[in-house]
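The values are calculated or read from the model by the stated rules, or taken from the named source; none is laboratory data. Being a predicted model, the structure only gives us computed values, none of them experimental. Methodologically, a virtual Cβ is constructed for each residue, glycine included, from the backbone with ideal geometry; neighbour enumeration extends over all protein chains shown.
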């Protein structure tokens, strides 16, 4: 029996360009579920000059990731790359490619992925979690008639923003305050604007970008993101220098390590840390949102998780990284959500 013929991109089904535009306009994930039922586990979508292959199967996603190799080919995101070249900014882990990407990841990963380093962020994250719980209770009492929190997704976004910023920049942004600082509000808004504008710009050929109002907004948004990031990095550099001048020990976590290691230039650190913030906020807030949604739909699973948590952390005990390692069911829920 002969080997089956490999399919080409032309053989792959998918919605029309008009349908894809409709999805972008409505930001509807439900249409993706419909497309899976129509086209199967693989289908293609057209976004202007871009063709995207959708993979809607955990097994296939695993197969794709395992075949990437040492230097995986990431989504090109030409508009992100063009901004960096226009403003002479360094590429980060989301926009760099090949061996340069591998170098960046080899510097960034240890402090972000190795358990012994990640555990050192426990106190920082726990402080943010405590403030988030206080804020949620305050919102429920003052704006939810003591019953509910309106727009919990937005609050989780602010929580993720505060948590990721506290690790990356080693500073609090004020997202958990009753009144959020205006500069922080603008920073959060800029992140949202960048994600809103990105799928619009790629619908058009590159030669049209300079004439698009959305491109000008996109440039201004990135300018603000880098401006704030540069301000925070420079503040940390000044703190380090002051401690050195006073012969004090220099202590810090992620940003301090990157600055002191001198493996990356300040320009490279800015490029990477800004992209890490964007990736971290989006993935963290979405993961928590969907985890809570699934738990709300499955009260028995919710109760089982609750029993595991109170067993490991009874009363008012604040969980440590060691405690999290004793919660396999919690980890399973997060993995399944992802």
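A few comments on the model shown:
- Hey, residue 267 outside any loop (DSSP other than H, G, I, E, B), in the same structural domain as residue 103 (by TED's automatic domain parsing) and more than 23 Å from residue 116 (Cα to Cα) or not: yes
- Only one of 103, 66, 70 that is surrounded by fewer than 17 Cβ atoms within 10 Å (Cβ to Cβ) and either at pLDDT 90 or above or assigned by TED's automatic domain parsing to the domain that holds residue 270 (or both): 103
- Any hit, the range 240-248, residues being in the same structural domain as residue 123 (by TED's automatic domain parsing), touching a residue at least 12 places away in the same chain (Cβ under 8 Å) and closer than 25 Å to residue 110 by Cα: yes
- Output for the range 138-152, where each listed residue is part of a helix (DSSP H, G or I) and surrounded by 13 or more Cβ atoms within 10 Å (Cβ to Cβ): 138, 139, 140, 152
- Candidates in the range 261-277 are the residues that are surrounded by fewer than 18 Cβ atoms within 10 Å (Cβ to Cβ) and at pLDDT 90 or above; of these, the one that is nearest to residue 196 (Cα to Cα) is 267.
- Only residues that are more than 21 Å from the chain's Cα centre (by Cα) and free of Cβ contacts under 8 Å to residues at least 60 places away in the same chain were counted in the range 283-321, giving 23.
- So residue 130, is it over 20 Å from the mean Cα position of the chain (by Cα), surrounded by fewer than 17 Cβ atoms within 10 Å (Cβ to Cβ) and either in a helix (DSSP H, G or I) or assigned by TED's automatic domain parsing to the domain that holds residue 322 (or both): yes
- Top-ranked residue in the range 308-330 [being at pLDDT below 95 and within 24 Å of residue 157 (Cα to Cα); ranked as surrounded by the fewest Cβ atoms within 10 Å (Cβ to Cβ)]: 318
- Members of the range 199-214 that are surrounded by 13 or more Cβ atoms within 10 Å (Cβ to Cβ) and without any contact (Cβ under 8 Å) to a residue 60 or more places away in the chain: 212, 214
- Which listed residue, of 173, 148, is assigned by TED's automatic domain parsing to the domain that holds residue 285, farther than 30 Å from residue 239 by Cβ, free of Cβ contacts under 8 Å to residues at least 60 places away in the same chain and in contact with a helix residue (DSSP H, G or I) (Cβ under 7 Å, 6 or more places away or on another chain): 148
- Residue 70 being over 22 Å from residue 9 (Cβ atoms), over 19 Å from the mean Cα position of the chain (by Cα) and in a helix (DSSP H, G or I): no
- Residue check for residue 188: assigned by TED's automatic domain parsing to the domain that holds residue 259, under 25 Å from the mean Cα position of the chain (by Cα), closer than 20 Å to residue 79 by Cβ and assigned to a helix (DSSP H, G or I): no
- Scope the range 291-307; condition closer than 21 Å to residue 125 by Cα and loosely packed, with under 15 Cβ neighbours inside 10 Å; matching residues: 306
- Residue in the range 234-255 that is closer than 26 Å to residue 170 by Cβ, under 21 Å from the mean Cα position of the chain (by Cα) and assigned to a helix (DSSP H, G or I) present: yes
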